[in-house]
Amino acid sequence: MVSRIVSRGEWRAWTRAAIPFLRGTRILEIAFGTGDLHQDLHDAGYVPIGIDLSPYMLEITRRKFQKRGIVPRLARADVCALPFPDNFFSSLVMTFPPGFIFNPAAMLEMYRVLEPEGVLVWVDAAYVEPRDLWSRFINQAFALTGTGTPAKLRTAALDAAHAAGATWAWRAETVASPTSRVQVFIPVKN
């Protein structure tokens, strides 16, 4: 509910913006939260694996899937110590990630588990068209919390990746609707 309020109802559209940029079939969702994108990935034909550090998010997501008769592949794990082999995933996906994206250890782990030419699809930097006071307030809050500033996010993540010794080919796409837009960062493992 909170994400719907702070996004003016755009949250699900923003997270779904990641789906067209995924490659392959072995997908890892990092920090899946309440599991909405995880459900959308299933609905799009993927059978993703999800990790989250919070036991509460694991329980919420499991219950959502249980109501649909699906057994999700979820684990409680730290992105700085991923319990997967090298070069295992075709794509990693994360939406509005916490500060771990700027941690060199996290960037190195994500790089390690991606296969060559694998993609990290990262949705962030949301912007709501400033049609009223609430929309302008939301954009100010996004700016204060670090989201809403694509250049700064990309630079900080690149710095973390460089510090970790990981090399990526980066690109970014803007996915827009009539009332908002979001950035999709798409680093490809070199």
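Odds and ends about this structure:
- Looking across the stretch 64-105 at every residue that is out of contact with any strand residue (DSSP E or B) (no Cβ under 8 Å at 6 or more places or on another chain), among the hydrophobic types (A, V, I, L, M, F, W, C) and assigned to a loop (DSSP other than H, G, I, E, B), the one that is farthest from Ser54 (Cα to Cα) is identified as Ile70.
- Taking the numbered list (1) free of Cβ contacts under 8 Å to residues at least 24 places away in the same chain; (2) crowded, with 20+ Cβ neighbours inside 10 Å in turn, Pro55 passes all entries but (2).
- For Glu109, the stated conditions hold: it is at pLDDT 80 or above, among the acidic types (Asp, Glu) and under 16 Å from the mean Cα position of the chain (by Cα).
- Entry remark, the stretch 70-79: residues being surrounded by fewer than 18 Cβ atoms within 10 Å (Cβ to Cβ) and at pLDDT below 95 number 2 in total.
- Scanning the stretch 33-45 turns up no residue that is part of a strand (DSSP E or B), touching a Lys or Arg at 6+ places or on another chain (Cβ under 8 Å) and not hydroxyl-bearing (Ser, Thr, Tyr).
- No other residue among Pro97, Pro130 is at pLDDT below 95 and either under 18 Å from Arg12 (Cα atoms) or surrounded by 15 or more Cβ atoms within 10 Å (Cβ to Cβ) (or both) apart from Pro97.
- When residues of the stretch 170-183 are limited to those that are at pLDDT 85 or above and surrounded by fewer than 21 Cβ atoms within 10 Å (Cβ to Cβ), the one nearest to Pro116 (Cα to Cα): Arg171
- Check on Thr34, farther than 21 Å from Lys189 by Cβ, hydroxyl-bearing (Ser, Thr, Tyr) and at pLDDT 95 or above: no
- Members of the stretch 1-30 found to be modelled with pLDDT of 90 or more, assigned to a loop (DSSP other than H, G, I, E, B) and surrounded by fewer than 21 Cβ atoms within 10 Å (Cβ to Cβ), listed by number: Leu22, Arg23, Gly24, Thr25, Arg26
- For the stretch 56-82, filtering for residues that are within 13 Å of Phe32 (Cβ to Cβ) and of a type outside the set (Ser, Thr, Tyr) leaves 14.
- Restricting Ala143, Ala160 to those that are farther than 22 Å from Ile51 by Cβ and either of a type in the set (Val, Ile, Thr) or at pLDDT below 70 (or both) reduces the list to Ala143.
The values are calculated or read from the model by the stated rules, or taken from the named source; none is laboratory data. As the structure is a prediction and not an experimental result, all values here were calculated from the model. Positions of Cβ are backbone-derived with ideal geometry, glycine not excepted, and every protein chain shown enters the neighbour counts.
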